[in-house]
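Q: What follows is a single structure, and I will ask about it in a moment.
The values are calculated or read from the model by the stated rules, or taken from the named source; none is laboratory data. Not measured: the values here are computed from a predicted model. Heads up, the Cβs are rebuilt from the backbone with ideal geometry, glycines too, and the neighbour counts pull from every protein chain shown.
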Amino acid sequence: MKKVILISFVLILMFFCYANSEETGDDQLLEILLKNGTITKDQYDNLKKKSEEKLKEDTEDFDFRISSKGGIEIEKNDGSFSCKFGGRILLDASFYDEDKNALGDGTEIRQARFDTEGTLFTDWEYSLALEFGNAEIDIKDAIIAYKGFAPLSIKAGHFKTPFSLEQMNSRKFLTFTERALPNEFAPDRKIGVGANIYGDIWTAEAAFLGEFFSDDPDDEADEGWTAASRFTLSPIHSDNTIVHIGTSGLYQIPDDDKEVKFDAKPETHIMSVKYVNTGKIKNIENLFKYGFEAAFLYGPFSVQGEYIGCYLNRDDNEEDLDFTGWYIFSSYFLTGESRNYKFKKGAFGRVKPVHKFGAIELALRYSTIDLNDEPNITGGEEKNVTLGLNWYINPNIRLITNYIFVDNDKYANDSGDVLEEDDINIFQVRFQVEF
Amino acid sequence: MKKVILISFVLILMFFCYANSEETGDDQLLEILLKNGTITKDQYDNLKKKSEEKLKEDTEDFDFRISSKGGIEIEKNDGSFSCKFGGRILLDASFYDEDKNALGDGTEIRQARFDTEGTLFTDWEYSLALEFGNAEIDIKDAIIAYKGFAPLSIKAGHFKTPFSLEQMNSRKFLTFTERALPNEFAPDRKIGVGANIYGDIWTAEAAFLGEFFSDDPDDEADEGWTAASRFTLSPIHSDNTIVHIGTSGLYQIPDDDKEVKFDAKPETHIMSVKYVNTGKIKNIENLFKYGFEAAFLYGPFSVQGEYIGCYLNRDDNEEDLDFTGWYIFSSYFLTGESRNYKFKKGAFGRVKPVHKFGAIELALRYSTIDLNDEPNITGGEEKNVTLGLNWYINPNIRLITNYIFVDNDKYANDSGDVLEEDDINIFQVRFQVEF
Amino acid sequence: MKKVILISFVLILMFFCYANSEETGDDQLLEILLKNGTITKDQYDNLKKKSEEKLKEDTEDFDFRISSKGGIEIEKNDGSFSCKFGGRILLDASFYDEDKNALGDGTEIRQARFDTEGTLFTDWEYSLALEFGNAEIDIKDAIIAYKGFAPLSIKAGHFKTPFSLEQMNSRKFLTFTERALPNEFAPDRKIGVGANIYGDIWTAEAAFLGEFFSDDPDDEADEGWTAASRFTLSPIHSDNTIVHIGTSGLYQIPDDDKEVKFDAKPETHIMSVKYVNTGKIKNIENLFKYGFEAAFLYGPFSVQGEYIGCYLNRDDNEEDLDFTGWYIFSSYFLTGESRNYKFKKGAFGRVKPVHKFGAIELALRYSTIDLNDEPNITGGEEKNVTLGLNWYINPNIRLITNYIFVDNDKYANDSGDVLEEDDINIFQVRFQVEF
């Protein structure tokens, strides 16, 4: 009698466990019980059906998981669907040690951004990034991508023109507050189609793009267009050692106004003066831009550099023009971390401090841009030296301080708006949270 | 002795199962064990209390489920609360086969939108839809609705004026890239109150509305207002066969400037020319708009059409005016799907491909708008024929291609801005993801 | 033999339960089974390892819970991470009983807002609030805060200057549709750093702030700055009885234009006339603002008042100026609820109706602002009496009706733009959903 009670308990328990099981699919127990004659075929069928229904319901409704690595992500367990929300807030304060011109110290929200991205039907991905500024909103990424031919990925939308290591690197993960001076040559996001692919030690990306999103859609001239590509090679990319080289090329036909302008602030954002400034250059037939990049990392030490050039082909009666810029920087983590190389992107990502108090990084950069092509264009030449100190409080929060020594030449007068040879120093602080 | 061990195992297991049970509420096992004397009353009470506490905690904190049908949705299991995030990205490219006027080919993000909607306290629903454009943001839906008197629903906020089948149909689910020419007569969203209700074969919606949200709130003239309603009848709406007819009526008092203007692009968005254009019509006392709509669907085949008219009642010394437009289109799914009729909304929804490679739909549309009421107003007349080919890659991603033959009359000159009788062809492609 | 089968069932079940257990960490059963010799050491190790792996996986991936108290919140169970989405839609209609000037009745979306806030690494919190208006977007809160020294909290970002009870109170929870007239003196959000702390019966907040976010970052004058603080004392704050007093002080150096302007609409938003208006006051050296606040609550009855003054210190050759304002209001819940005092914030929060049909609150306010400092500045004086009736339909949805009697003096002419002594009445309705 006791055995009967025990057996019934066991059966009840068994049913119970089944009723509560969340993702079993394991029907072995039922098989054994049926085989041993402990349960009848009817009971077996009934239990089996219940188990399957439960499983099905779970799969459809509850089969999601949530994670918080770099933004909140809700993901279907079979990987067919996911949705991730992220964002960033970058708070800046800049102080200008003035020389010849008045420059306004100040504070600003450098970026406030909301991102969402995710997977649809396993092979498709979407991405939408919105940036909020002074009463304005900018659509940054707006991408639909197909990953079904992995490692080839195809995309359409509004995305970064593939060109230059520093440009492709998310601002969230830059070593300094602003990109280096030659970044002025790197194009911004445009609307178009693109593809990227990678092998064991290389990546390649190419894109064909139309207008900037911010262009006037009511302009009745046909749009200009751009073809761009970037190729990177990383023969070594272990945890401890990275060797990375790359090159970019870009060909652009401007739209019917045939104008282009290059100007840059001295690696700061709050002040408005752009010492180096070509003004509008007219009669552009086409542009060719080229870039070379290299990075080397060994444990906490890394060095990175780029050379970017821009060649402007103008109408017959105008001289062609050639501008260049380059930078090199080195960084060292006092706390032993390494910069986080993302091989498949050919760029650097989030640093994860190993100590409870965070990670400390020292950095030094030299950068220069030359917008003079005398005697035709004298946009000025600038040389900056930057000292950087980063405190990665945790993987999502960072305090960045930069001290910049700016050396302008005799043509660097913001197209005549300010006094030239203005050799200022800049101290700027950024406090950023991103996830 | 063995039995004692077994019983203790069973008890431990039982407790274990309870501790892990997620939403049982089933206390039968405990009852049986108590009745059989296997556990004492104290143990029973203790276990029972633990079970109830666990259940309570689960109900409050974890009683949510996540689903991904058309956007990510987080829903409380009792239906009292839900929150859904959705969005869309529509990427367009248009190519104009010019005739007499210059028209700028180009690309654009036609729409980038972020939506959130959900349920509060079972009977209340909210909806907020934001559209991002050139540095601007538009509030589309901003609605608070009460569903406690179902099938009657009452709402307040910024929402679509109930008028016309095509207008009420979400852009996400349109057969062609743009709505037909007579959609120029359909009013946009405004702020107001509304109600809708449905029976077995009919739906009705009415609304009383104030200004457009985009109106200047600092204008010291009292706002104009609009009363609008739409009634649909669908005697047959099985999976395979739909018969739908409907009518809309709208009465509008403009605000104190008493002006109105009708103009339309040729079912394209990137170019800026609006061939048919009345210019500003002054001294409007009130407007009356009326529409008739019909749709028939049989399996993969469907046909849909609308006739919309607008009557402008002007001051005594000015002639009253009358403008009209209509369209008819037919579509056929080569892959066997049907357009998805949402009876309660009196509109069409998301098409779900049955094949792995997606669904293919062919479509043909004729549309016309007549903005001439000679001799007073000669805004022009336009007739368009559109060939459409849709590839529904999956329920959320679609590639739309349209080829449009545009036939303008001698008055269609964008109020004198362009040459008339400009008979162009348009090829446009849209790639859209929406969820 | 039966016993062997039973034991094997129990073991299978046990394994089963383990496999399904979600957050046990309890290995006691395995220990007992090992000790009793029911399972071997190998089996024990194997099961133990499986159990630990499962637990680890659960902890990382699934250890989140969702709640819906005031917005959808996804929270890691250990409290180290959370993410909350909220928002609000405020729909307004205003009707003006005109006296001497034309005032435009109308409707508007008073606010549409999307908020996200959360916790990162236990001690850090972020907050981002976006407000959508006429094609514009405003960043309201953009805050990074450190709570590791609780009860001290330190923050940086764009946040409300700490000053005045009514100003610090979220608009969502105001008793009337708009803040009282003297709120014109309260500063808005700015970029800076701040700290707040609380004891058993007191709270203190201080901040040092730079420019408004909406200031032109390209202005080459150095920014102005503000130091502000607020201190509150609440010797009694039980559920039923609240005694609250507080004081605020603010010192501001304007930027180089040295101008300031005070003006206010009569506690309404849709019309554009600001009867009391000083126009631009020039040559401001610095400003000092001070406020006194008090609130008393006993069950459904409450009374609240503030006095705010502003002292403008001008250049030697200009007279210093002094403006003041104050309000007092009382409210009574016919349905027995109390206003919800949030002691740590020194402000009021969400009212939760106890009845199924919601809560009803009657309110009466007197407010006044005096922008005259004769003979130098005659900006006008206004006195308003407001009758309020609130229907809290549920904790998230509220209908607010206000009737305002406006009494303007002979100087209240919007800096000469309208006729003075315009004594109008205002009826306004707000329907709001917030979560």
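Q: Give the stretch B:308-335 a look and list any residue that's at pLDDT 95 or above and in a loop (DSSP other than H, G, I, E, B), or say none.
A: Result: B:Leu334, B:Thr335.
Q: Follow-up. Could you tell me which residue of the stretch A:261-276 is farthest from the other protein chains (Cβ to nearest Cβ), considering only residues that are in contact with a Leu (Cβ under 7 Å, 6 or more places away or on another chain) and farther than 26 Å from A:Ser302 by Cβ?
A: Looking at residues that are in contact with a Leu (Cβ under 7 Å, 6 or more places away or on another chain) and farther than 26 Å from A:Ser302 by Cβ, I get A:Phe262.
Q: Now for a different question. Please verify whether C:Ile242 is without any contact (Cβ under 8 Å) to a residue 24 or more places away in the chain and either over 19 Å from C:Glu184 (Cβ atoms) or not assigned by TED's automatic domain parsing to the domain that holds C:Trp202 (or both), treating the condition exactly as stated.
A: No, not satisfied.
Q: Read through the list (1) crowded, with 16+ Cβ neighbours inside 10 Å; (2) closer than 17 Å to B:Pro187 by Cβ, then give the number of the only condition that B:Ala295 fails.
A: Failed condition: (2).
Q: So which pairs qualify, if the first residue must be in the stretch B:407-435 and within 30 Å of B:Glu131 (Cα to Cα) and at pLDDT 95 or above, the second must be in a loop (DSSP other than H, G, I, E, B) and β-branched (Val, Ile, Thr), the Cβ gap must be under 8 Å, and the two must be at least 6 apart or on different chains?
A: Within 8 Å, the pairs are B:Ile426/B:Thr268; B:Gln428/B:Thr177; B:Gln428/B:Thr268; B:Gln428/B:Ile270; B:Arg430/B:Thr177.
Q: Shifting gears a bit: Could you tell me whether C:Glu267 is surrounded by 23 or more Cβ atoms within 10 Å (Cβ to Cβ) and on the phi > 0 side of the Ramachandran plot?
A: Yes: the conditions hold for C:Glu267.
Q: Which count do you get for residues in the stretch B:171-207 that are under 21 Å from B:Ile328 (Cβ atoms) and of a type outside the set (Asp, Glu)?
A: The qualifying residues number 13.
Q: Here are some conditions: (1) within 14 Å of another protein chain (Cβ to nearest Cβ); (2) in contact with a Ser or Thr (Cβ under 7 Å, 6 or more places away or on another chain); (3) surrounded by fewer than 22 Cβ atoms within 10 Å (Cβ to Cβ). A:Ala195 meets all but one. Which one does it not meet?
A: (1)
Q: I've got another one for you. Among the numbered criteria (1) loosely packed, with under 15 Cβ neighbours inside 10 Å; (2) outside any strand (DSSP E or B), which one does B:Glu285 miss?
A: Checking B:Glu285 against (1) loosely packed, with under 15 Cβ neighbours inside 10 Å; (2) outside any strand (DSSP E or B), the one that fails is (2).
Q: Something else: Would you mind stating whether A:Phe163 is among the aromatic types (Phe, Trp, Tyr) and under 17 Å from the mean Cα position of the chain (by Cα)?
A: Criteria met by A:Phe163.
Q: Of the residues that make up the stretch B:98-109, is at least one more than 7 Å from every other protein chain (Cβ to nearest Cβ) and either aromatic (Phe, Trp, Tyr) or free of Cβ contacts under 8 Å to residues at least 60 places away in the same chain (or both)?
A: So far as the stretch B:98-109 goes, no, none of its residues is more than 7 Å from every other protein chain (Cβ to nearest Cβ) and either aromatic (Phe, Trp, Tyr) or free of Cβ contacts under 8 Å to residues at least 60 places away in the same chain (or both).
Q: Answer yes if at least one residue in the stretch A:270-279 is exposed (fewer than 14 other Cβ atoms within 10 Å of the Cβ), over 28 Å from the mean Cα position of the chain (by Cα) and assigned to a loop (DSSP other than H, G, I, E, B), and no otherwise.
A: No; the residues of the stretch A:270-279 include none that is exposed (fewer than 14 other Cβ atoms within 10 Å of the Cβ), over 28 Å from the mean Cα position of the chain (by Cα) and assigned to a loop (DSSP other than H, G, I, E, B).
Q: Right, here's the next one. Identify the single condition in (1) crowded, with 21+ Cβ neighbours inside 10 Å; (2) closer than 29 Å to C:Ile393 by Cβ; (3) more than 23 Å from the chain's Cα centre (by Cα) that B:Thr107 does not satisfy, given that it satisfies every other one.
A: (2)
Q: Pairs, please: C-beta under 9 Å, at least 6 apart or cross-chain, first residue assigned to a strand (DSSP E or B) and in the stretch B:218-230, second modelled with pLDDT under 75?
A: Going by the 9 Å Cβ cut-off, the qualifying pairs are B:Trp225/B:Glu211.
Q: For the stretch A:166-196, which positions are aromatic (Phe, Trp, Tyr) and in a loop (DSSP other than H, G, I, E, B)?
A: A:Phe176, the sole residue that qualifies.
Q: Shifting gears a bit: Select from the stretch B:120-147 the residues that are among the β-branched types (Val, Ile, Thr) and crowded, with 19+ Cβ neighbours inside 10 Å and list them in ascending order.
A: Passing the criteria: B:Ile137, B:Ile139, B:Ile143, B:Ile144.
Q: Let me ask something else about it. Which residue out of A:Ser248, A:Ser229, A:Ser234 is touching a helix residue (DSSP H, G or I) at 6+ places or on another chain (Cβ under 9 Å), more than 14 Å from chain C (Cβ to nearest Cβ) and under 25 Å from A:Lys190 (Cα atoms)?
A: The match here is A:Ser248.
Listed here are the residues, each with its yes/no results for (1) touching a Phe, Trp or Tyr at 6+ places or on another chain (Cβ under 9 Å); (2) at pLDDT below 90.
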site: A:Glu184; (1), (2): yes, no
site: A:Asp188; (1), (2): yes, yes
site: A:Ile191; (1), (2): yes, no
site: A:Tyr198; (1), (2): yes, no
site: A:Pro217; (1), (2): no, yes
site: A:Glu220; (1), (2): no, yes
site: A:Ser229; (1), (2): yes, no
